Amino acid sequence: MQEEGTENREQLAGRREWIGLYVLSIACLIYSMDLSVLFLAMPAIVADLDPSASQLLWINDIYGFMVAGFLVTMGTLGDRVGRRRVLLYGAVAFGAASALAAFSSSAQQLIIARALLGIAGATVAPSTLSLIANLFQNEAERNRAIGVWGSAFALGGLVGPLVGGVLLQYFYWGSVFLINIPVMLTLLIVAPLLLPEYKNDEGGELDLLSVLLSLATVLPIIYGFKHMAADGFEPLQLVPVAIGLVIGALFVQRQKHLVHPLIDLSLFRIPAFTASLMVNLAAMFFVFGVFLFQNLFLQLVLGLSPLKAALWSIPPSLVFTIMSFQAYRFTNRFGPVRTVLTGLVINAAGVAAMAVAAYNQNLLGVLGSSMLIALGFVPVVLTTTGLIVGTAPPERAGSASAISETSAEFGGALGVAVLGSLGTVVYRMTMGDVNLSGLDAMQASAASATLAGAVEVAKTQTTTPIWLETAKMGFSLGFAVCCALASVTLLFLAIVARKIYVRAHIDEDGVLPH
């Protein structure tokens, strides 16, 4: 095993390590921005490249698909060949793919470029998180560093649309990709000076069949969930999910028989690792699902324009960002277990309040509940991330980081799909007995299927139809039902997690077993 720049587990970090953290955080911010910055550029891209409906879908989604599919591979590769090396190779690829995307002359080229961006982006999250574990050996400092790391992702989502809007105001749409290049160049210059290298010399070679099986597991499942969220639940969408699960079973069986597996399944026998992963996934599941409803609620139920909805969403986003910077204080003062369990209870209270506010269609109530959710959610996610990395052996930190990020991807996609489908079922049940006799068959079908369809149909009528208020009530009821389910589940999860942490011998002061 080879490690540079660290001496013992409790050594305090110096100026070099903290500067290195902020360099890593800038890379994370760019990675996060690329998930959202494209939305504002889509009208210009459509006008310039004239993509088909299918191509437009792939331009939007392929980046996230590739990130999710390659996280495990890149995390394990970093453990084997060097985490800093994989990050630097990823930075080169990210810069090159950004240039390819910026100067795309066809929709096909942009899709390919976005796919390459996703593969390169998959090096960022696991490499940066595992390098943080190397840079910060002291647990309290590592908690603070993970908070900064998480803040970079939160800021990326917050400023991505703002930066994109400014660039599109003065430059052509390719500028939203070109801004990646100077950041990646800076990373290439300073990373060798500030970041330690770490690799497991006994890790063995990468099993290519396991890589293919992992991709064939993750991509169909994410694809199925994404389409459930976008199009509503259809039985046919379960086919790719089922295919992914079957291949996933084959992947697990292969890992059991390899001397150097792509994923070391023994990690899941560490109770604290498994409990933290479970809590992390569940938190992502509910917060992504709830915020999907919130964004639609502001525009479709309350009738806010996209700009006004975005402006009203700034206060909750700021709470998320501030809490990302401050979460380590709670973890260090109260210990990871108390922080996680208290955060789950606060999160449950937040979504319960959201249920009441949604049912009553109260704007301030929804936004206040969103802030309360942030107060509980952020410490939970960042603390469990620290536990996932902290309880894994140092030589497997890259793999553990990748598992954490993949779990978050799954949780978010699954939450949007499942809660979105549940809300749709409640909406359609509400609209089942509504009199839509004044509409033709196509309009009636659209109005009874989704609130978005109902709002569009209502715009074609000479006066505001009576059934539109029922449609809004149906959506609000579905939103409230999903929030109520989330609240009960999060409380139950807190009880289960506490029992597992006790079994893992993590005391209330947060002493981790090493």
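Ranking Lys308, Lys472 from most to least accessible surface, computed with a 1.4 Å probe over the protein chains only, gives Lys308, Lys472. With unit charges on the beta carbons (Lys and Arg positive, Asp and Glu negative) and the dipole taken about the Cα centre of the chain, which residue among Asn347, Pro240, Ser407 sits farthest to the positive side? Of the candidates, Asn347 comes out farthest on the positive side. Volume per residue for region 226-334 equals 168 cubic angstrom (convex hull of Cα atoms). In order along region 458-465, phi translates into HN-Hα couplings of 4, 5, 7, 8, 6, 10, 5, x Hz, rounded to whole numbers, per the Karplus curve 6.51 cos²θ - 1.76 cosθ + 1.60 with θ = phi - 60° and x for Gly and Pro.
How would you rank 456-462, 14-20, 340-346, highest first, on the average number of other Cβ atoms within 10 Å across their residues? Numbers along the way, then the final one.
Numbers: 456-462: 12.7, 14-20: 15.9, 340-346: 22.4.
Going from most to least packed, we get 340-346, 14-20, 456-462.
Regarding region 414-481, what whole-number volume in Å³ per residue does the convex hull of its Cα atoms give? Walk me through the numbers before you get to the answer.
On the way: hull volume 5.2 nm³, N = 68.
It comes to 76 Å³ per residue, whole-number rounded.
The Asn138 and Ala96 beta-carbon pair, evaluated with R₀ = 41 Å, returns a calculated FRET efficiency of approximately 0.65.
Rolling a 1.4 angstrom probe over the protein heavy atoms, how many square angstrom per residue are accessible across the chain? Don't skip to the answer; put the middle values down first.
Numbers: 21670 Å² over 514 residues.
Result: 42 Å² of accessible area for each residue.
Spacing of the modelled spin labels on Arg503 and His260, each 7 Å from Cα toward Cβ, amounts to 3.3 nm.
Charges only on Cβ, +1 for Lys and Arg, -1 for Asp and Glu: so what's the dipole of the chain about the Cα centre, in debye to the nearest 20? Present the calculation step by step, with values, prior to reporting the outcome.
On the way: 26 positive and 30 negative charges, 128 e Å.
Here the size comes out at about 620 debye.
With all projection directions averaged, the alpha carbon convex hull of the chain covers 23.4 nm². Based on C-alpha pairs under 8 angstrom that are at least 6 apart in sequence, the chain has a relative contact order of 21 percent. Backbone phi angles across region 444-449, fed through the Karplus curve with coefficients 6.51, -1.76 and 1.60 (θ = phi - 60°), yield HN-Hα couplings of 4, 5, 5, 5, 8, 8 Hz in residue order; Gly and Pro are listed as x. Atom-type composition of the exposed protein surface of region 72-228 places 70 percent of the accessible area on carbon and sulfur (1.4 angstrom probe). The simple Förster model, with R0 at 56 Å and r as the Cβ-Cβ distance, assigns Val239 and Tyr170 a FRET efficiency of 0.80.
Each principal axis of the Cα cloud of region 49-136 was taken in turn, and the coordinate range along them, longest first, works out to 48, 20, 19 Å. Amide H to amide H distances under 5 Å link Glu197 with Glu4, where only residues 5 or more positions off or on other chains count and H is placed in the peptide plane. Taken as Cα centroids, region 318-397 and region 439-466 sit 38 Å apart, rounded to the nearest whole angstrom.
The values are calculated or read from the model by the stated rules, or taken from the named source; none is laboratory data. Computed from a predicted model, the values in this text were never measured in an experiment. In this analysis, Cβ positions are derived from the backbone assuming ideal geometry, glycine residues included, and neighbour counts consider all displayed protein chains. The accessibility values were calculated without ligands, DNA or RNA, using every heavy atom of the protein model including side chains. Shrake-Rupley method; radii C 1.70, N 1.55, O 1.52, S 1.80 Å.
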